[in-house]
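What follows is one structure encoded as C-alpha coordinates, with my remarks underneath.
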Amino acid sequence: DGGITQSPKYLFRKEGQNVTLSCEQNLNHDAMYWYRQDPGQGLRLIYYSQIVNDFQKGDIAEGYSVSREKKESFPLTVTSAQKNPTAFYLCASTGRAEAFFGQGTRLTVV
Amino acid sequence: AQSVTQPDIHITVSEGASLELRCNYSYGATPYLFWYVQSPGQGLQLLLKYFSGDTLVQGIKGFEAEFKRSQSSFNLRKPSVHWSDAAEYFCAVLNMDSNYQLIWGAGTKLIIKP
(Lines give C-alpha, C1' and ligand atoms only; values in the text may rest on other atoms or scores of the structure.)
Protein backbone atom coordinates (compact mmCIF):
# COMPACT_ATOMS: atom_id res chain seq x y z
CA ASP A 1 0.00 0.00 0.00
CA GLY A 2 1.21 3.50 -0.77
CA GLY A 3 1.74 5.87 2.08
CA ILE A 4 4.05 7.87 4.29
CA THR A 5 6.20 6.28 6.97
CA GLN A 6 7.61 8.27 9.83
CA SER A 7 10.10 6.85 12.28
CA PRO A 8 10.56 6.55 15.12
CA LYS A 9 7.12 6.99 16.65
CA TYR A 10 8.64 8.20 19.93
CA LEU A 11 12.00 9.91 20.31
CA PHE A 12 13.79 11.23 23.36
CA ARG A 13 16.56 13.76 23.18
CA LYS A 14 18.93 15.20 25.71
CA GLU A 15 19.36 18.93 25.71
CA GLY A 16 22.10 19.99 23.30
CA GLN A 17 21.74 16.98 21.02
CA ASN A 18 20.72 16.97 17.39
CA VAL A 19 18.18 14.36 16.34
CA THR A 20 16.89 13.35 12.93
CA LEU A 21 13.32 12.33 12.20
CA SER A 22 12.76 10.10 9.21
CA CYS A 23 10.02 10.51 6.61
CA GLU A 24 9.67 8.19 3.61
CA GLN A 25 6.90 8.12 1.01
CA ASN A 26 6.11 5.73 -1.82
CA LEU A 27 3.33 7.82 -3.34
CA ASN A 28 5.59 9.30 -6.02
CA HIS A 29 4.73 12.78 -4.80
CA ASP A 30 7.00 15.68 -5.60
CA ALA A 31 6.00 17.89 -2.67
CA MET A 32 6.75 17.02 0.94
CA TYR A 33 6.24 18.95 4.17
CA TRP A 34 7.17 18.96 7.83
CA TYR A 35 4.75 20.31 10.40
CA ARG A 36 5.03 20.84 14.10
CA GLN A 37 1.96 20.39 16.26
CA ASP A 38 1.55 21.76 19.76
CA PRO A 39 -1.67 21.60 21.79
CA GLY A 40 -4.13 24.27 20.73
CA GLN A 41 -1.94 25.58 17.92
CA GLY A 42 -2.89 23.46 14.97
CA LEU A 43 -0.23 22.66 12.40
CA ARG A 44 2.71 24.97 11.84
CA LEU A 45 4.87 24.56 8.76
CA ILE A 46 8.58 24.01 9.39
CA TYR A 47 9.98 23.25 5.93
CA TYR A 48 8.68 22.10 2.60
CA SER A 49 10.17 20.75 -0.58
CA GLN A 50 8.56 20.90 -4.00
CA ILE A 51 11.27 18.94 -5.79
CA VAL A 52 14.42 16.95 -5.14
CA ASN A 53 17.43 19.00 -4.02
CA ASP A 54 15.27 22.03 -3.25
CA PHE A 55 13.48 23.07 -0.09
CA GLN A 56 12.01 26.20 1.45
CA LYS A 57 11.61 27.50 4.97
CA GLY A 58 8.15 27.55 6.44
CA ASP A 59 6.83 29.68 9.26
CA ILE A 60 8.96 28.21 12.07
CA ALA A 61 12.19 26.96 10.45
CA GLU A 62 14.61 28.28 13.08
CA GLY A 63 16.44 25.44 14.81
CA TYR A 64 15.54 22.88 12.15
CA SER A 65 17.21 21.63 8.98
CA VAL A 66 16.15 19.31 6.17
CA SER A 67 17.50 17.62 3.08
CA ARG A 68 15.86 16.22 -0.04
CA GLU A 69 18.38 14.04 -1.80
CA LYS A 70 15.77 11.54 -2.98
CA LYS A 71 12.17 12.00 -4.02
CA GLU A 72 11.04 9.43 -1.47
CA SER A 73 12.83 10.85 1.56
CA PHE A 74 12.62 14.12 3.48
CA PRO A 75 14.39 13.84 6.85
CA LEU A 76 14.10 16.58 9.46
CA THR A 77 16.93 17.37 11.86
CA VAL A 78 16.06 19.11 15.10
CA THR A 79 19.19 20.92 16.14
CA SER A 80 20.37 22.12 19.52
CA ALA A 81 19.42 25.63 18.38
CA GLN A 82 15.74 24.73 18.69
CA LYS A 83 14.95 25.97 22.17
CA ASN A 84 11.66 24.17 22.69
CA PRO A 85 11.69 21.01 20.58
CA THR A 86 9.23 18.92 22.57
CA ALA A 87 6.29 18.48 20.20
CA PHE A 88 4.51 16.17 17.79
CA TYR A 89 6.01 16.25 14.30
CA LEU A 90 4.05 15.37 11.20
CA CYS A 91 5.36 14.71 7.72
CA ALA A 92 3.09 15.06 4.71
CA SER A 93 3.19 14.85 0.96
CA THR A 94 0.75 16.24 -1.57
CA GLY A 95 -0.64 14.90 -4.79
CA ARG A 96 -3.70 15.99 -6.77
CA ALA A 97 -4.17 18.84 -4.26
CA GLU A 98 -4.62 16.41 -1.36
CA ALA A 99 -2.28 16.04 1.59
CA PHE A 100 -1.32 12.62 2.93
CA PHE A 101 0.17 12.34 6.40
CA GLY A 102 2.46 10.02 8.26
CA GLN A 103 1.58 8.81 11.75
CA GLY A 104 3.83 11.35 13.41
CA THR A 105 6.84 11.35 15.71
CA ARG A 106 6.56 12.54 19.27
CA LEU A 107 9.82 14.16 20.35
CA THR A 108 10.51 14.75 24.01
CA VAL A 109 13.51 16.53 25.48
CA VAL A 110 14.71 14.94 28.69
CA ALA B 1 -3.72 37.30 3.86
CA GLN B 2 -5.34 33.94 3.54
CA SER B 3 -6.51 32.38 6.77
CA VAL B 4 -8.77 29.73 8.25
CA THR B 5 -10.68 30.17 11.49
CA GLN B 6 -12.21 27.42 13.55
CA PRO B 7 -13.97 29.36 16.29
CA ASP B 8 -14.58 26.43 18.62
CA ILE B 9 -11.57 24.94 20.40
CA HIS B 10 -13.68 22.23 22.02
CA ILE B 11 -17.16 20.92 21.35
CA THR B 12 -18.98 18.38 23.47
CA VAL B 13 -21.96 16.45 22.13
CA SER B 14 -23.89 13.44 23.32
CA GLU B 15 -23.59 10.18 21.45
CA GLY B 16 -26.35 10.04 18.84
CA ALA B 17 -26.74 13.79 18.66
CA SER B 18 -26.08 15.86 15.56
CA LEU B 19 -22.83 17.73 15.07
CA GLU B 20 -21.75 20.87 13.30
CA LEU B 21 -18.15 22.12 13.35
CA ARG B 22 -17.57 25.61 12.05
CA CYS B 23 -14.92 26.75 9.62
CA ASN B 24 -14.52 30.21 8.12
CA TYR B 25 -11.91 31.08 5.55
CA SER B 26 -10.40 34.17 4.05
CA TYR B 27 -9.33 33.69 0.46
CA GLY B 28 -9.81 35.90 -2.56
CA ALA B 29 -10.47 33.38 -5.28
CA THR B 30 -12.57 30.24 -5.36
CA PRO B 31 -11.19 28.19 -2.51
CA TYR B 32 -10.19 24.56 -2.42
CA LEU B 33 -11.36 23.44 1.03
CA PHE B 34 -10.64 20.39 3.14
CA TRP B 35 -11.62 18.75 6.41
CA TYR B 36 -9.19 16.39 8.10
CA VAL B 37 -9.58 14.30 11.26
CA GLN B 38 -6.84 13.36 13.72
CA SER B 39 -7.16 10.67 16.38
CA PRO B 40 -4.88 11.09 19.41
CA GLY B 41 -1.24 10.44 18.60
CA GLN B 42 -1.98 9.78 14.95
CA GLY B 43 -1.58 11.52 11.62
CA LEU B 44 -4.36 13.30 9.80
CA GLN B 45 -6.92 11.61 7.56
CA LEU B 46 -8.88 13.37 4.84
CA LEU B 47 -12.63 13.42 5.51
CA LEU B 48 -13.76 15.39 2.48
CA LYS B 49 -12.81 18.17 0.10
CA TYR B 50 -14.49 20.81 -2.02
CA PHE B 51 -13.05 22.04 -5.29
CA SER B 52 -16.08 23.08 -7.32
CA GLY B 53 -19.60 22.03 -8.27
CA ASP B 54 -22.20 20.93 -5.76
CA THR B 55 -21.73 22.93 -2.59
CA LEU B 56 -22.79 20.01 -0.37
CA VAL B 57 -19.94 17.55 -0.21
CA GLN B 58 -20.16 14.02 1.13
CA GLY B 59 -17.20 12.47 2.87
CA ILE B 60 -16.16 9.35 4.68
CA LYS B 61 -17.55 8.13 8.01
CA GLY B 62 -20.93 9.77 7.36
CA PHE B 63 -19.64 13.35 7.37
CA GLU B 64 -20.73 16.09 5.02
CA ALA B 65 -19.80 19.74 4.59
CA GLU B 66 -21.48 22.67 2.92
CA PHE B 67 -19.63 25.43 1.12
CA LYS B 68 -21.31 28.83 1.48
CA ARG B 69 -19.50 31.50 -0.47
CA SER B 70 -21.64 34.32 0.91
CA GLN B 71 -20.62 33.41 4.44
CA SER B 72 -17.05 32.28 3.62
CA SER B 73 -17.83 29.10 5.49
CA PHE B 74 -17.30 25.38 5.08
CA ASN B 75 -18.99 23.79 8.08
CA LEU B 76 -18.71 20.08 8.79
CA ARG B 77 -21.81 18.15 9.83
CA LYS B 78 -22.85 14.69 10.92
CA PRO B 79 -26.45 13.71 11.72
CA SER B 80 -25.62 11.32 14.54
CA VAL B 81 -22.22 11.05 16.19
CA HIS B 82 -20.66 7.88 17.51
CA TRP B 83 -18.15 7.58 20.35
CA SER B 84 -15.50 6.73 17.74
CA ASP B 85 -15.87 10.22 16.26
CA ALA B 86 -14.06 11.70 19.26
CA ALA B 87 -10.99 13.29 17.69
CA GLU B 88 -9.61 16.62 16.56
CA TYR B 89 -10.89 18.09 13.33
CA PHE B 90 -8.98 20.47 11.11
CA CYS B 91 -10.24 22.68 8.32
CA ALA B 92 -7.81 23.83 5.62
CA VAL B 93 -7.75 25.91 2.46
CA LEU B 94 -5.31 25.45 -0.40
CA ASN B 95 -3.37 28.63 -1.08
CA MET B 96 -2.78 28.57 -4.80
CA ASP B 97 -1.07 31.95 -4.68
CA SER B 98 1.87 30.61 -2.67
CA ASN B 99 3.30 27.30 -3.79
CA TYR B 100 0.01 25.50 -3.21
CA GLN B 101 0.42 25.47 0.55
CA LEU B 102 -2.35 24.30 2.80
CA ILE B 103 -3.43 26.90 5.33
CA TRP B 104 -4.74 25.28 8.47
CA GLY B 105 -7.25 26.18 11.11
CA ALA B 106 -6.28 25.64 14.74
CA GLY B 107 -8.51 22.61 15.06
CA THR B 108 -11.63 21.69 17.03
CA LYS B 109 -11.52 18.91 19.58
CA LEU B 110 -14.70 16.86 19.61
CA ILE B 111 -15.68 15.24 22.89
CA ILE B 112 -18.49 12.67 22.96
CA LYS B 113 -20.62 12.26 26.07
CA PRO B 114 -22.02 8.77 26.62
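The values are calculated or read from the model by the stated rules, or taken from the named source; none is laboratory data. Since the model is a prediction, treat every value here as computed from it, not as a measurement. Note: ideal-geometry Cβ built from the backbone for every residue, glycine included; neighbour counts use all protein chains shown. Note: accessible area is taken over every heavy atom of the protein model, side chains too, but ligands, DNA and RNA are not part of it. Shrake-Rupley method; radii C 1.70, N 1.55, O 1.52, S 1.80 Å.
Projected label points at A:Arg106 and A:Asn53, each 7 Å from Cα along the beta carbon direction, are separated by 4.0 nanometres. What residues of the stretch B:1-28 lie in the reach of a label at B:Ile111, counting those whose backbone N is under 14 Å from a point 7 Å from the Cα along Cα→Cβ? It comes to B:9-15, nothing else. Cα gyration tensor of the stretch A:40-101, axes a ≥ b ≥ c as square roots of the eigenvalues: rounded (a/c below 1.5), prolate (a/b > b/c) or oblate? Taking the square roots of the gyration eigenvalues as a ≥ b ≥ c, the stretch A:40-101 is oblate. A 1.4 Å probe over all protein chains sorts A:Asp59, A:Asp54, A:Asp38 by accessible area into A:Asp59, A:Asp54, A:Asp38, starting with the largest. Running Debye on chain A with equal point scatterers at the Cα sites and no solvent, what base-10 log of I(q)/I(0) appears at q = 0.10, 0.13, 0.15, 0.17 Å⁻¹? Each listed q maps to, in turn, -0.25, -0.42, -0.56, -0.73.
The chymotrypsin sites (Phe, Trp or Tyr not before Pro) of the stretch B:16-68 that meet both conditions, a loop assignment by DSSP and at most 16 other Cβ atoms within 10 Å of the site Cβ, are B:Phe51. With loop membership from DSSP and a limit of 14 other Cβ atoms within 10 Å, the longest segment of chain A without GluC sites (Glu not before Pro) is A:16-61.
Magnitude of the charge dipole for the protein assembly as shown, about its Cα centre and with charges confined to Cβ atoms of Lys, Arg (+1) and Asp, Glu (-1), is about 320 debye. Please give me the summed charge of the neighbours of A:Val109: other residues whose Cβ is under 11 Å from its Cβ, Lys and Arg +1, Asp and Glu -1. Local charge sum for A:Val109: +2. Dividing the alpha-carbon radius of gyration of chain B by the rule-of-thumb value 2.2 N^0.38 Å gives 1.02.
Comparing A:Gly40, A:Gly58, A:Gly95 in a Gaussian network model of chain A where C-alpha atoms under 10 Å apart are linked, the largest mean-square fluctuation is found at A:Gly40.
Taking only the alpha carbons of the protein assembly as shown, we obtain Rg and Dmax values of 17.6, 53 Å in that order. Simple spin-label estimate for B:Ser52 and B:Ser70 gives 2.3 nm between the two label positions (7 Å along the Cα-to-Cβ direction from each Cα).
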